[in-house]
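Let me begin by presenting the structure, written as structure tokens, before commenting on it.
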Amino acid sequence: QVQLVESGGGLVQPGGSLRLSCAASGNYFSIFDMGWYRQAPGKQRELVATFTPVGNTNYADSVKGRFTISGDSANNTVYLQMNSLQSEDTAVYYCAVQRFGIMYWGKGTLVTVSS
């Protein structure tokens, strides 16, 4: 059973930082692609960043240079470091893993960027 649990969301002022964590029930990111996605109110879910088993990363243009995805194999955890947050980054952030063609999702963590 694939389980992903996100944490670290909250309220932050524009220009601030947050680090999201995704605790996985197994060491998936050493085997499968993992990623962070987000869904803002009234919008479709979109890709934020991905992390491949060989350590390659990919970012949405809107977060390049501000967000960093990384993994910790010892703790089966994937992180998303978010800096220089903007109001447009307000969304529910989801962790996901694509395992044998099936996408598995966490329940999400809310990030609100507001003064």
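The values are calculated or read from the model by the stated rules, or taken from the named source; none is laboratory data. On a predicted model such as this, the values are computed, not experimentally measured, just so you know. Note that each Cβ is placed from the backbone with ideal geometry, even for glycine, and that neighbours are counted across all protein chains shown. For accessibility, only protein heavy atoms count, side chains too; no ligands or nucleic acids. Shrake-Rupley method; radii C 1.70, N 1.55, O 1.52, S 1.80 Å.
Assorted remarks:
- Relative to one another, the C-alpha centroids of the range 1-64 and the range 80-115 are positioned 5 Å apart.
- Check: the chain dipole with +1 on Lys, Arg Cβ and -1 on Asp, Glu Cβ, in debye: 100
- Top of Val54, Val78, Val92 by mean-square fluctuation, Gaussian network on the chain, Cα under 10 Å: Val54
- Rounded accessible area per residue of the range 34-115, 1.4 Å, Å²: 53
- With all protein chains modelled, accessible area of Cys22 [1.4 Å, Å²]: 0
- Cleavage-rule hits (trypsin sites (Lys or Arg not before Pro)) in the range 1-91: DSSP loop, at most 12 neighbouring Cβ within 10 angstrom: Lys43, Lys64
- In the chain, the portion of solvent-accessible area held by carbon and sulfur atoms comes to 46 percent [1.4 Å probe, whole percent, DNA, RNA and ligands not counted].
- Under a Gaussian network description of the chain, with springs only between Cα atoms under 10 Å, the residue in Gly26, Gly16, Gly101 that fluctuates furthest is Gly101.
- GNM on the chain, alpha-carbon springs under 10 angstrom: the most fluctuating residue among Ser21, Ser70, Ser84 is Ser84.
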